Amino acid sequence: MVQRSTQIAFALSVLIIASRVEAGLGVINVPADFSTIQAAIDAASNGDEVIVAIGTYPESISFKGKNITVRSTDPNDPAIVATTIIDATGLTRAVLCNRDEPPTTLLSGFTIKGGNATGAFPNDVGGGMLIQRASPTVINCVFTGNDAIWGGGLCILGSDPIVSGCTFELNSADKGGGLYISGSNPTIEECTFEGNAAEFGAGLFNNNSDSKLTSCRFDSNVSSDDGGGMFNNGGCVPMLTECTFSLNTAVDKGGGMFNLGCAPDLNTCDFDANSADRGG
């Protein structure tokens, strides 16, 4: 899985970056040119690339509808990703895309932590990141230690993003500890959901969305009610291919997966050692 994820991420990155090089567009370095990521985004024009050096950046950032790349120095190096950190501790959510950002808007190679979205709407969704009415591409990011009412790590509302090679770990929410999706058709590839907690859908809560998941792993997520690994709700037909569910737990129903009014299409998926009072 890891090798395939790297190949997918590299291909997407090359495609997006190559289109920018052909256009002769600019590069902005953080902190060399601007001390914060947000200041660099504010200064960027469509097509620019913001490259962020190793370090911890205590801020909450918004793409503001811009068609730009924001990436670490090497998104394919786990050591670089682990040490290039957007830390929103004491602020609000860490990352926001809600102004029709296109698929060529790219966030790649960060650890995103400390985001909090537990206030009143819209500040109750997407602790680590909120994607709303937008379709950016998110590659090789780690969402860890974020909290929200919906979508502790990431919340996707009315959007069709690509999320590839990302890890969602130790996030928490009422619904969707790792990821919450509603009214969307995202593509989720080579992602790992591990150790997340929620009342419903600890790993992922999928609401009225025909999401496509390929080669994703759900491991040791804990629901205090239903859907330890994944909760599908509301007449949707999500498609899961080569996904694994192991050691997930739910207090009530669906240790690995719980479906309410949904008929998921499962292709070559593996459910192992999940547990619940009903439907482990």
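Details
- Rg followed by Dmax, in Å, when the stretch 108-252 is reduced to its Cα trace: 12.9, 37
- Relative contact order (%) - the chain, alpha-carbon pairs under 8 angstrom, separation at least six: 10 percent
- Over all projection directions, the Cα-based convex hull of the stretch 48-150 averages an area of 5.7 nm².
- Only one residue of ILE68, GLY261, PRO136 has its Cα farthest out toward the positive end of the dipole of the chain, where Lys and Arg carry +1 and Asp and Glu -1 on Cβ, and that residue is ILE68.
- Placing unit charges on the Cβ atoms only, positive for Lys and Arg and negative for Asp and Glu, gives the stretch 15-139 a dipole magnitude near 260 debye about its Cα centre.
- Computed about its Cα centre, the charge dipole of the chain is approximately 380 debye, with only Lys, Arg, Asp and Glu carrying charge at their Cβ.
- Inverse of mean 1/r across different Cα pairs in the stretch 149-205, Kirkwood, Å: 10.7 Å
- Sorting 193-203, 47-57 by their mean Cβ neighbour count within 10 Å, with the most densely packed peptide first, gives 193-203, 47-57.
- A value for semi-axes √(5λ) of the Cα gyration tensor in Å was derived from the coordinates, and within the list [x] 31, 18, 16; [y] 31, 27, 21; [z] 32, 20, 19 it appears as [x].
- Dividing the summed helix terms, -39500 (n - 2.57) for each DSSP H run of n ≥ 4, by the number of residues in the chain produces a 222 nm estimate of -3500 deg cm²/dmol to the nearest 500.
- Long-range Cα-Cα pairs in the stretch 171-280 (distance over 23 Å), rounded percent: 10 percent
All of the numbers you see were taken from the coordinates with simple rules; none came from a lab. None of these values were measured; they are calculated from a predicted model. Because the Cβ atoms are built from the backbone with ideal geometry, glycine has one as well, and the counts that use them run over all protein chains shown.
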